[in-house]
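The values are calculated or read from the model by the stated rules, or taken from the named source; none is laboratory data. Just so it is clear, the structure is predicted and the values come from calculations on it, not from any experiment. Every residue, glycine among them, receives a Cβ derived from its backbone with ideal geometry; neighbour counts consider all protein chains shown.
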Amino acid sequence: MPDSGKHLLFVEDEAPLRLAIAEQLSDHGFIVDQAGSGEAALERLAEFAYDIIVADLRLPGIHGSAVVEAAVARYPDIIAIVVTGFGTVKDAVEAIKRGAWDFVSKPFQIDELLHVLNSAIEQRRLKSENAYLRAQLDARYRFEGLIGKSRAMTHLLQLLETVAPTNSTILITGETGTGKEVVARAIHHNSPRRAHRFVALNCGAIPEALLEAELFGHVRGAFTGAVGNRQGRLEQAHKGTLFLDEVGTMSPALQMKLLRVLQEREFERVGDSHTIRVDVRVIAATNSDLRRMVADGAFREDLFYRLNVIPVQLPALRERKEDIPLLVQHFLAKFAAGDSPARAPITVSQEAMRHLMAYSWPGNVRQLENAIERAVALGGGRPQIEVADLPPEVQVADEPALAAAIPLPEEGLDLEQLIAGIERELIRRSLERTGGNKGRAAKLLHMKRTTLVEKLKRLERSSL
Ligand SMILES: Nc1ncnc2c1ncn2[C@@H]1O[C@H](COP(=O)(O)OP(=O)(O)OP(=O)(O)O)[C@@H](O)[C@H]1O
Ligand SMILES: [Mg+2]
């Protein structure tokens, strides 16, 4: 990788100075992004795992040392250099306390900065960091094991805090692996029902014929094999929470019975006429589009509204990639915990982190968790996880590096045309590889077959 270790964010509010230094750094092989304020720097840092940040301490708005602190908290492996004015060494010391590696004072020659940068890179290389110690996860961001401080997650946590203590029925939706079950458990544990049981029932995993008895219980002789009386999950969850996972898979008959439970909190065991009353809070989850199923007649509309009292929508991981570094630290701590405690914590190289952030994670947090577990195992005790330890599909995800390789000519370029060209080429290659099989080609490109077919039509039309 030619650009490994060279992605640099330069934060300086004086535009002429910033442009001049950025240009000189580029001449020396760095790939430089610029930010004119602390706020802009924080935005860039949320999106991209830089190797190095060079920040002026005196910025309008957020102070440079706060930017450094945020950068290091997010990326323990980043090299932070601060620029101080008029030899104010006290500020520099303060910044170093907050995690900066070194400082240069203004005015400086480019050579001074290069010297500081190169020696930092060198030292960093020699001494494989235990900086993760500094970045202990902040308990404030956690709601019973729910990691994330992106805007989407912050909103979610606020919503959970508000609704957890109530008795309202909640419908959690989200793609596979986004944490629907973790959220359901967190709600229960933050509710007054926490002393009672959290009972989970995966409606999709139990054969239709058994699901009813599982939910409502049965009496002896209710059906072949019903040898005794048995409590259903509803009764088990009395005073607690019942979690109905994959609720979209329920048959129409069962949907009807569930509707009655939600309306009246009463039901009968299978084969019995005695009515049982329960006090349960229901949380349902689904990764199918229930609204759509209602429109198609596959799901009862009245049940949908009974379940969807409080909708909780979990964002896909690719929509909150700024949470990836935090989640990675969380899972590293989890999977390295079995190792000898005396050993330095395992870290992830910034280059590997860039790949982790560039990948689209169709399996969301669960897939990320598996990738980290695998990387820790493959690392075989090495202190740092490298790109080669990541799953193959993550290794090839490196859009920023790819984009960096595209020249941006003086006169500019037609972005849409360029992207259309890239699209055409990748579609051509995937069809070539699959011998023209559109289904498999679509899979290679992580899209639906119908989407691929549409794109092909459009490409044919545009090339006429
Ligand atoms: N915000 C999060 N913080 C920490 N771990 C998380 C978070 N979200 C999900 N996980 C972890 O990811 C894994 C998948 O979560 P979960 O089983 O809740 O997903 P799900 O949405 O129910 O998926 P599915 O639809 O496939 O059932 C779990 O191991 C869980 O601990
Ligand atoms: Mg689940």
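Confirm whether Val93 is surrounded by fewer than 16 Cβ atoms within 10 Å (Cβ to Cβ), in a helix (DSSP H, G or I) and either of a type in the set (Val, Ile, Thr) or modelled with pLDDT of 90 or more (or both). Taking the combined requirement at face value, the residue satisfies it.
Take Ile31 and decide whether it is of a type outside the set (D, E, K, R) and touching a Lys or Arg at 6+ places or on another chain (Cβ under 6 Å). It is true that Ile31 is of a type outside the set (D, E, K, R) and touching a Lys or Arg at 6+ places or on another chain (Cβ under 6 Å). The residue that is nearest to Val182 (Cα to Cα), counting only those in the stretch 224-259 that are loosely packed, with under 13 Cβ neighbours inside 10 Å and not aliphatic (A, V, I, L, M), is Pro252. Residue count for the stretch 175-196 satisfying the condition of being β-branched (Val, Ile, Thr) and near ligand 1 (Cβ under 6 Å from one of its atoms): 3.
Would you call Ala420 surrounded by 11 or more Cβ atoms within 10 Å (Cβ to Cβ), among the aliphatic types (A, V, I, L, M) and touching a residue at least 40 places away in the same chain (Cβ under 8 Å)? Considered against the rule, which asks whether it is surrounded by 11 or more Cβ atoms within 10 Å (Cβ to Cβ), among the aliphatic types (A, V, I, L, M) and touching a residue at least 40 places away in the same chain (Cβ under 8 Å), Ala420 comes out as yes. Residues considered: Val394, Val376, Val365. Of these, the only one that is touching a Phe, Trp or Tyr at 6+ places or on another chain (Cβ under 6 Å), of a type outside the set (D, E, K, R) and within 16 Å of ligand 1 (Cβ to nearest atom) is Val376.
For the stretch 262-281, the tally of residues that are surrounded by 12 or more Cβ atoms within 10 Å (Cβ to Cβ) and part of a strand (DSSP E or B) stands at 6. Evaluated against (1) out of contact with any strand residue (DSSP E or B) (no Cβ under 9 Å at 6 or more places or on another chain); (2) modelled with pLDDT of 85 or more; (3) more than 16 Å from ligand 2 (Cβ to nearest atom), Leu146 falls short on exactly one condition, (3). Reported count of residues in the stretch 291-315, each being surrounded by 19 or more Cβ atoms within 10 Å (Cβ to Cβ) and over 20 Å from Thr169 (Cβ atoms), is 1. A residue that is part of a loop (DSSP other than H, G, I, E, B), of a type outside the set (Lys, Arg), in contact with an Asp or Glu (Cβ under 6 Å, 6 or more places away or on another chain) and within 30 Å of Pro345 (Cα to Cα) occurs nowhere in the stretch 38-52. When the criteria are applied in full, Val365 meets the requirement of being within 16 Å of ligand 2 (Cβ to nearest atom) and part of a helix (DSSP H, G or I). In the stretch 270-285, the residue that is nearest to ligand 2 (Cβ to nearest atom) out of those that are under 18 Å from Met250 (Cβ atoms) and in contact with a His (Cβ under 8 Å, 6 or more places away or on another chain) is Ile283.
One line per residue, one yes/no per condition, for (1) part of a helix (DSSP H, G or I); (2) among the charged types (D, E, K, R); (3) in contact (Cβ under 8 Å) with a residue 60 or more places away in the chain:
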position: Ile206; (1), (2), (3): no, no, no
position: Leu210; (1), (2), (3): yes, no, no
position: Leu215; (1), (2), (3): yes, no, no
position: Gly221; (1), (2), (3): no, no, no
position: Val227; (1), (2), (3): no, no, no
position: Lys239; (1), (2), (3): no, yes, no
position: Leu244; (1), (2), (3): no, no, no
position: Gly248; (1), (2), (3): yes, no, no
position: Leu254; (1), (2), (3): yes, no, no
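Inside the stretch 417-464, residues that are touching a Ser or Thr at 6+ places or on another chain (Cβ under 8 Å) and under 22 Å from Trp361 (Cα atoms) make up a count of 6. Scanning the stretch 164-189 for residues that are surrounded by fewer than 18 Cβ atoms within 10 Å (Cβ to Cβ), under 23 Å from the mean Cα position of the chain (by Cα) and more than 23 Å from Ile324 (Cα to Cα) gives a single hit, His189.
Conditions tested, residue by residue: (1) in contact with a Phe, Trp or Tyr (Cβ under 7 Å, 6 or more places away or on another chain); (2) at pLDDT 90 or above; (3) more than 16 Å from ligand 2 (Cβ to nearest atom).
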| residue | (1), (2), (3) |
| --- | --- |
| Arg220 | no, no, yes |
| Gly232 | yes, yes, yes |
| Ala237 | no, yes, yes |
| Thr241 | yes, yes, no |
| Gly248 | yes, yes, no |
| Pro252 | no, yes, yes |
| Val261 | yes, yes, yes |
| Arg265 | no, yes, yes |
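Within the stretch 18-36, not a single residue is at pLDDT 90 or above, surrounded by 16 or more Cβ atoms within 10 Å (Cβ to Cβ), more than 17 Å from Gln350 (Cβ to Cβ) and acidic (Asp, Glu). When residues in the stretch 308-317 are screened for being closer than 26 Å to Pro362 by Cβ and in contact with a helix residue (DSSP H, G or I) (Cβ under 8 Å, 6 or more places away or on another chain), 6 of them pass. Scoring Ser288 on the criteria (1) under 21 Å from the mean Cα position of the chain (by Cα); (2) more than 16 Å from ligand 2 (Cβ to nearest atom) leaves a single failure, condition (2).
Residue-wise test of (1) away from ligand 1 (no atom under 15 Å from the Cβ); (2) farther than 25 Å from Leu244 by Cβ; (3) at pLDDT 95 or above; (4) not in a loop (DSSP other than H, G, I, E, B).
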site: Glu129; (1), (2), (3), (4): yes, yes, no, no
site: Arg140; (1), (2), (3), (4): no, yes, no, yes
site: Leu160; (1), (2), (3), (4): no, no, no, yes
site: Pro165; (1), (2), (3), (4): yes, no, no, no
